[in-house]
Amino acid sequence: MDRFLVISPHTAADCAHALKEVHAAGYITHFDWGCMDGDHTGWVILEAANAKEALMVVPSLQRSSARVVKLVKFSPSDVEKMHAPY
């Protein structure tokens, strides 16, 4: 399984509805929320088989505005290889 960051924005007007939808889907405690600071976005890092599967944590009405980013970790040797002289 790969790790993904799911970014799910919503408007201030849709905030309560968006939170209720995520809660109904069973993922409310998996997300971190910026709503109380004026950034109406939810973020969650999860494991999934692919980006399409990761997106399923977002309610269907919000999926078109959500983003999914595959995450990787680099080791110090990975970075050294990237910057090695030619």
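Derivation of every value follows stated rules applied to the coordinates shown; laboratory data play no part. Keep in mind the model is a prediction, meaning the values are calculated, not measured. Counting neighbours? That spans all protein chains shown, and the Cβs are built from the backbone with ideal geometry, glycine included.
Based on the mean of other beta carbon atoms within 10 Å per residue, what is the order of 33-44, 62-73, most packed first? Display every interim value, and only then the final one.
On the way: 33-44: 14.7, 62-73: 12.7.
For the peptides 33-44, 62-73, the packing ranking is 33-44, 62-73.
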Checklist entry - Got a sec? Charge dipole of the chain, +1 on Cβ for Lys and Arg, -1 for Asp and Glu; which of Gly26, Cys15, Ala54 is way out at the positive end? => result Ala54
Checklist entry - Which value, in nm² and rounded to one decimal, describes the direction-averaged projected area of the C-alpha convex hull of the chain? => result 7.6
Checklist entry - So which aspartates and glutamates pass the test for Lys70, namely a Cα distance under 15 Å, with those fewer than 8 places away in the same chain ruled out? => result Asp2, Glu47, Glu53
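Net charge around Val57, counting only other residues with Cβ within less than 14 Å of its Cβ (Lys, Arg = +1; Asp, Glu = -1)?
Numbers: positive: Arg3, Lys52, Arg63, Arg67; negative: Glu21, Asp32, Glu47, Glu53.
Here the count lands on 0.
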Checklist entry - Between Ala16 and Asp2, how many nm apart are label points set 7 Å from Cα along the C-beta direction? => result 3.9
Checklist entry - For Ile28, what charge total do you get from the other residues with a beta carbon under 14 Å from its beta carbon, if Lys and Arg give +1 and Asp and Glu give -1? => result -1
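Per DSSP H run of n ≥ 4, the term is -39500 (n - 2.57); total these for the chain, divide by its residue number, and report the mean residue ellipticity at 222 nm rounded to 500 deg cm²/dmol.
Calculated mean residue ellipticity at 222 nm is -6000 deg cm²/dmol.
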Next on the checklist: About the Cα centre, and with charges only on the beta carbon of Lys, Arg (+1) and Asp, Glu (-1), how big is the dipole of the chain? Nearest 20 debye, please.
Outcome noted: 220
Checklist entry - Helix 15-24: angle to the longest alpha-carbon principal axis of the chain, degrees 0 to 90, nearest 10? => result 80
